[in-house]
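The values are calculated or read from the model by the stated rules, or taken from the named source; none is laboratory data. As the structure is a prediction and not an experimental result, all values here were calculated from the model. Positions of Cβ are backbone-derived with ideal geometry, glycine not excepted, and every protein chain shown enters the neighbour counts. In case anyone asks, the SASA skips ligands and DNA or RNA and just uses the protein heavy atoms, side chains included. Shrake-Rupley method; radii C 1.70, N 1.55, O 1.52, S 1.80 Å.
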Amino acid sequence: QQQVKQSPQSLIVQKGGISIINCAYENTAFDYFPWYQQFPGKGPALLIAIRPDVSEKKEGRFTISFNKSAKQFSLHIMDSQPGDSATYFCAASIGRAGGTSYGKLTFGQGTILTVHP
Amino acid sequence: DVKVTQSSRYLVKRTGEKVFLECVQDMDHENMFWYRQDPGLGLRLIYFSYDVKMKEKGDIPEGYSVSREKKERFSLILESASTNQTSMYLCASRAPRGPYEQYFGPGTRLTVT
């Protein structure tokens with residue numbers, strides 16, 4: 001059962017444009033929503049994360065928008081650069097302290113982003 | 001600096017062979033994870049370990065087992081490799097409390113022929 005659905009599967013953007021990747025989740029117990037970035041030949045690395053008590057989080061050119069009622073969240077990359085070309089994964093976790101989830105992440109299917117110069 | 005290493009970047013094995021994938025982390029993390037990554041399917045959790053000698057099945061444990069004899073090392077075992085286990089395997093670790101970030105190794109590309 002795929003609990004986190006990510007779209008689109010691939011995305012091509014011109015340099016300077018805005019890249020938008022969307023995710024939807026099913027499990028309302030999720031309370032931690034990270035985005036990971038993966039370059040070819042490397043493992044994924046945390047890019048930015050949000051908790052459901054806020055609707056938006058911004059770090060530099062990267063912004064997460066979160067809609068709790070719709071159970072959706074998205075990554076916006078402003079002023080996209082060729083160096084942003086990578087695979088992006090959204091994920092969700094039950095991160096409550098004292099829980100038994102051990103921070104297991106449920107990942108989306110991934111989006112291959114290509115930013116053309 | 002955080003570091004997760006995996007024993008091999010590329011591995012080619014024959015059908016029916018027993019395969020060991022090793023992962024070592026230097027962060028003294030209790031929690032370690034094994035994922036497989038396939039195009040269009042994202043990362044899927046195979047097994048995880050929340051302490052030495054403790055393990056739990058993830059979403060796709062069939063055909064795999066794990067071993068955690070020391071805190072820093074988490075091994076994934078394919079008892080009898082099959083062609084449908086050809087994939088990228090990623091190991092990760094995280095601290096049990098505080099930030100929930102998982103730190104990933106570079107991955108092992110396993111091909112079973």
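On alpha carbon coordinates alone, what is the Rg over Rh value for chain B, Rh being the Kirkwood radius?
Working: Rg = 13.2 Å, Rh = 14.0 Å.
Using Cα coordinates only, the ratio equals 0.95.
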> Per residue of A:103-113, what is the mean number of Cβ atoms on other protein chains within 10 angstrom of that residue's Cβ?
Replying inline: 6
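Tell me, what is the FRET efficiency for B:MET54 and A:LYS15 to the nearest 0.05, using R0 = 45 angstrom and their Cβ-Cβ distance as r? Spell out each step's value before the answer.
Details: r = 48 Å, r/R0 = 1.06.
Plugging the Cβ-Cβ distance into 1/(1 + (r/R0)^6) gives 0.40.
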> Ballpark to the nearest 100 Å², how much total accessible area do A and B bury together, probe 1.4 Å?
Replying inline: 1800
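Would you work out what percent of the accessible area of the protein assembly as shown, with all protein chains in place, is carbon or sulfur (probe 1.4 Å)? Before the final figure, lay out the partial values.
Values: 5510 of 11030 Å².
Here it works out to 50 percent.
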> What is the spin-label model distance, in nm, from B:ARG97 to A:SER7 if the labels are put 7 Å beyond Cα along the C-beta direction?
Replying inline: 4.2
>> Taking the Cα of B:LYS3, stepping 7 Å toward and past its beta carbon, and measuring to each backbone N in region B:51-72: which are under 15 Å?
In response: B:72
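Cβ neighbours within 10 Å, averaged per peptide: list A:67-80, A:104-117, B:44-57 in order, most packed at the top.
Numbers: A:67-80: 15.9, A:104-117: 20.1, B:44-57: 17.4.
Order by mean packing, descending: A:104-117, B:44-57, A:67-80.
Express the accessible area of the protein assembly as shown per residue in Å², computed with a 1.4 Å probe while the remaining protein chains stay in the model. Don't jump to the answer; show the numbers that get you there.
Details: 11030 Å² over 230 residues.
Normalised by residue count, the accessible surface of the protein assembly as shown is 48 Å².
Please work out how much length the chain gains when fully extended from B:THR111 to B:PHE20, using 0.36 nm per residue of separation minus the C-alpha to C-alpha distance, in nm with one decimal. List each step's numbers first, then the result.
Details: separation 91, 0.36 × 91 = 32.76 nm, distance 1.31 nm.
Length gained between B:THR111 and B:PHE20: 31.5 nm.
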> Quick one: which of B:3-10, B:85-92 comes out on top by average Cβ neighbours within 10 Å, and what's the full order, highest first?
Replying inline: B:85-92, B:3-10
>> Using a 10 Å cut-off around each Cβ of peptide B:40-46, what is the average number of partner chain Cβ atoms that fall inside?
In response: 6
> Under 20 Å from the Cα of B:LYS70, which aspartates and glutamates turn up, not counting those fewer than eight places away in the same chain?
Replying inline: B:GLU22, B:ASP26, B:ASP28, B:GLU30, B:ASP51, B:GLU56
